[in-house]
Amino acid sequence: MTEPIHKGKDLPPVWVIHAASSGDSEAMEQVLRYYDDYMSRLCTCTLYDKDGTPHVCVDAHMKRCLETQLIRAVVRKWLHQHRHRQPEKAADQSGKRERLHQSGPFPG
C-alpha cells in the first residue's frame, strides 16, 4: 500500500467540509490550505536556463487551475445536495414563502 499524500496531517473535520460547501469562505480557505502542499507538488516543474542550470519552480497558473477545480468540486457537492432534495421538503418551503407573503412583512 502506498503512503498517503497527507502523511502527518489530519484531514479537515467533516464540519469544515460542510461549511465550505455551504459557502463559508473561511472554511474553504482551510480546505485550500490543507491541499496547498499537494497542489504545489503537482505543479512543480524544472526549467533550465541557457547554461543548463536547473531551476525548480511552481507553475502558478496550473496551481490556480487546481484550486479552482477544488472549489468547483466543493460547490458542486452543495448544488447536487440542494437540487436533489425531497419534493415534499421543497413544497413545504414554498408553502412557508406563501404564508410569509400573505401575512406581510410587519405583524399586526
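Compare the peptides 30-43, 69-82 by average per-residue count of other Cβ atoms within 10 angstrom and give them in order, highest first.
Working: 30-43: 14.9, 69-82: 12.9.
The packing order, highest mean first, is 30-43, 69-82.
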For GLN30, what is the net charge nearby, where nearby means another residue's Cβ is under 11 Å from its Cβ and Lys, Arg count +1, Asp, Glu -1? -3
Hey, can you rank 49-56, 9-16 by average C-beta count inside 10 Å, highest first? 9-16, 49-56
Through the Karplus equation 6.51 cos²θ - 1.76 cosθ + 1.60, θ set to phi - 60°, convert the phi angles of the stretch 22-31 into ³J(HN,Hα) values in whole Hz; use x for Gly and Pro. 8, x, 6, 5, 5, 5, 4, 4, 4, 5
Full-stretch length increase - GLN30, HIS18 - with 0.36 nm per residue and alpha-carbon distance subtracted: 3.1 nm
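Every number in this text was worked out from the coordinates using simple rules, so none of it is lab data. Just so it is clear, the structure is predicted and the values come from calculations on it, not from any experiment. When we count neighbours, we look across all protein chains shown, and the Cβ atoms used for this are built from the backbone with ideal geometry, even at glycine.
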